[in-house]
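Heads up: the structure comes next, in structure tokens.
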Amino acid sequence: MMLVGSTLPAHNLNLFQAKRASFRNYTSALNTSTRAPSSCSYSAVSIKPGSNSTELTRLHLANLDKLLQTPPPPQTQLVPQPDIQIDKDPNNSGSLENKGRRLMEGLSLSRLWTQVKGAAEDMSPRHLNHLQRLLSKTGEYSPRNNLSTRWREYHGSNNWAGLLDPLDENLRREVVRYGEFIQAAYHSFHSNPAMSAEEAQLPRQVALPDRSYKVTKSLYATSSIGLPDWVDEARPDLSWMTQRSSWVGYVAVCDDKREIARMGRRDIVIALRGTSTCLEWAENLRAQLIQMPSTEEGHQQSGARVECGFLSLYKTRGAHVPSLAESVVEEVNRLMEQYKGETLSITVTGHSLGAALALLVGDELKTCAENMPSVAVFSFGGPRVGNRGFTKRMDDKNVKVLRIVNSQDVITRVPGIFVGEGVLEEKLKNAKAGGFIDMIDRNMPLAYSHVGTELRVDTKMSPYLKPNADVACCHDLEAYLHLVDGFLASNCPFRENAKRSLVRLLQDQGSNVKKLYISKANNLTSLNLEREFSQKNLEREGLMATCLPSPS
């Protein structure tokens with residue numbers, strides 16, 4: 001008998017002996033020399049005395065067959081789950097890891113905790129965490145992939161064919177990045193909108209969103225009209241609203257070697273803000289088309305016409321500042337000479353009025369010097385600028401234009417009437433009415449046409465904005481960037497992994513955000529922290545200006 005006293009406690013000795021006895025009584029079904037226990041679910045075939053070896057073999061096989069045909073005892077499961085998928089890999093089916101995995105798959109947590117399953121999906125912690133991340137102070141941007149081999153395609157060499165619907169991830173990031181350059185122009189202007197009318201302007205500090213760029217030139221737009229002096233006397237604190245010349249944007253150049261290598265070229269950016277002063281609004285209302293001046297032979301008679309007010313802001317000189325056209329051409333020529341021998345690109349980007357001026361800049365740059373690098377225009381919420389002759393002129397000069405348009409933005413449908421644009425032009429051509437279009441284009445003073453390739457977004461696609469958002473929200477630049485960041489395709493909903501922060505959208509367009517998200521945002525401290533953070537920064541930098549917010 002085995003000695004167990006030294007290894008087992010005394011109170012377990014009886015239990016061990018009982019189990020040992022059960023081991024002695026256990027009989028295998030294949031053991032033909034003993035009687036099978038009565039507790040077995042099968043009975044072994046008994047062997048008669050004097051059986052020969054052939055009969056013994058036959059009985060052994062019969063017992064083995066019965067054993068193999070006996071179904072195994074049913075396994076107890078915690079929760080019935082008929083749709084469990086079992087790994088059928090013979091090499092892994094018996095591993096401990098797979099057994100554990102199958103056990104976890106067999107658990108139906110939604111049946112154990114029905115109250116979790118019944119909770120509203122939009123109130124789940126996962127969604128709240130996503131909303132909190134979108135309300136964080138630090139924006140989470142899409143990754144910047146290497147564009148060195150395809151940069152010309154993303155710069156419009158093929159008019160962005162195959163990249164817009166569905167929207168290419170790299171192009172989305174580039175569009176948002178250029179929109180942030182315009183936001184920097186807005187912020188710099190509202191920090192100090194006033195200009196001295198008696199002395200030349202000093203270089204302006206601009207906080208660029210991309211630190212790989214540096215500002216090289218400030219740009220000014222001047223109106224050819226003025227307002228009576230009594231307007232300034234009535235509100236001297238808002239004299240900047242009636243000044244003829246105003247800071248409108250800047251020129252910046254990429255100065256980081258790693259970013260140049262990523263983009264495949266050294267990029268020159270010209271960023272232009274939208275309408276912000278009374279005189280700029282007055283120029284916007286001068287909607288008659290006028291002949292576009294040109295020093296090139298053939299273009300003067302080409303019939304290219306543009307809006308009078310836009311051309312005035314672009315070509316008029318100020319008292320102490322050159323015109324916008326002169327400043328842009330001079331700075332681009334200087335940069336081309338400075339970086340001679342390198343691969344360059346010129347990107348002009350603007351919003352609202354800035355989008356209209358960006359087209360005039362792109363047209364001017366293509367003729368100001370020989371061997372001009374690739375010129376592309378990224379416009380946000382831009383109005384119509386010229387007629388079909390101007391559109392043809394831009395195409396002939398190979399100026400690539402990507403217009404980002406919100407379907408609810410009325411600014412993109414003014415000024416004037418449109419002729420030869422999109423579906424209408426195709427219908428008229430099919431009806432053999434091309435001569436009618438040309439006649440209208442020559443004689444109608446408000447026969448406008450858009451330029452370039454269109455990327456159309458829609459306010460109604462955003463889950464955060466109200467479908468009946470007002471005009472200001474539909475034209476707002478931050479709303480544009482929000483919609484571009486969430487755009488997948490024209491037939492797809494807003495993408496779930498949109499990364500752009502909602503803080504600025506809630507601050508600027510809170511009345512147009514759905515109440516559900518406003519109430520959630522109020523319960524998260526990040527939005528309040530952002531407001532405090534912004535106010536402290538403005539107070540520290542002395543930027544609490546009394547200027548009005550931009551109508552854009």
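Please treat every number below as a calculation from the coordinates, not as lab data. Nothing here was measured: the structure is a model prediction, and the numbers come from that model. Cβ placement follows ideal geometry from the backbone for every residue including glycine, while neighbour counts extend to all protein chains displayed.
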Next item on the list: Mark the label point 7 Å from the Cα of Lys214 along Cα→Cβ and return the residues of segment 238-253 whose backbone N is within less than 12 Å of it.
Entry: 253
Note to self: Could you tell me which residue out of Gln288, Ser345, Val361 lies farthest along the dipole of segment 274-365 toward its positive end? Charges go on the beta carbon: Lys and Arg +1, Asp and Glu -1, centred on the Cα centre.
What the structure shows: Gln288
Check: Roughly what would the spin-label model give for Asn522 and Ser239, points 7 Å off Cα along C-beta, in nm?
Finding: 4.3
Check: Which length gain, in nm to one decimal place, applies between Val410 and Gln338 when the Cα-Cα distance is subtracted from 0.36 nm times their residue separation?
Finding: 21.7 nm
Next item on the list: Can you tell me the order of 350-362, 254-266, 183-195 when each peptide is scored by its average per-residue count of other Cβ atoms within 10 angstrom, highest first?
Entry: 350-362, 183-195, 254-266
Next item on the list: Give me the Debye-computed log₁₀ of I(q)/I(0) at q = 0.21 Å⁻¹ for segment 236-388, equal point scatterers on Cα only, no solvent, two decimals.
Entry: -1.40
Margin query: A 28 angstrom limit on the alpha carbon distance is what I want to check against. Which of Lys460/Lys499; Lys214/Lys460; Lys214/Lys315; Lys392/Lys466 exceed it?
Written below: Lys214/Lys460; Lys392/Lys466
Margin query: Counting only other residues whose beta carbon sits under 11 Å from that of Leu353, what net charge do I get with K and R as +1, D and E as -1?
Written below: -2
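Please find the FRET efficiency linking Thr453 to Gln507, where r is the Cβ-Cβ separation and R0 is fixed at 30 Å, and quote it to the nearest 0.05. Could you put the intermediate results ahead of the total?
Details: r = 32 Å, r/R0 = 1.07.
Approximately 0.40, to the nearest 0.05.
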Check: Based on Cβ point charges of +1 for Lys and Arg and -1 for Asp and Glu, what charge dipole magnitude is obtained for segment 457-509 about its Cα centre, in debye rounded to the nearest 20?
Finding: 160
Next item on the list: Can you check what the net charge comes to around Asp395, using other residues whose Cβ is under 13 Å from the Cβ of Asp395 (Lys, Arg +1; Asp, Glu -1)?
Entry: +4
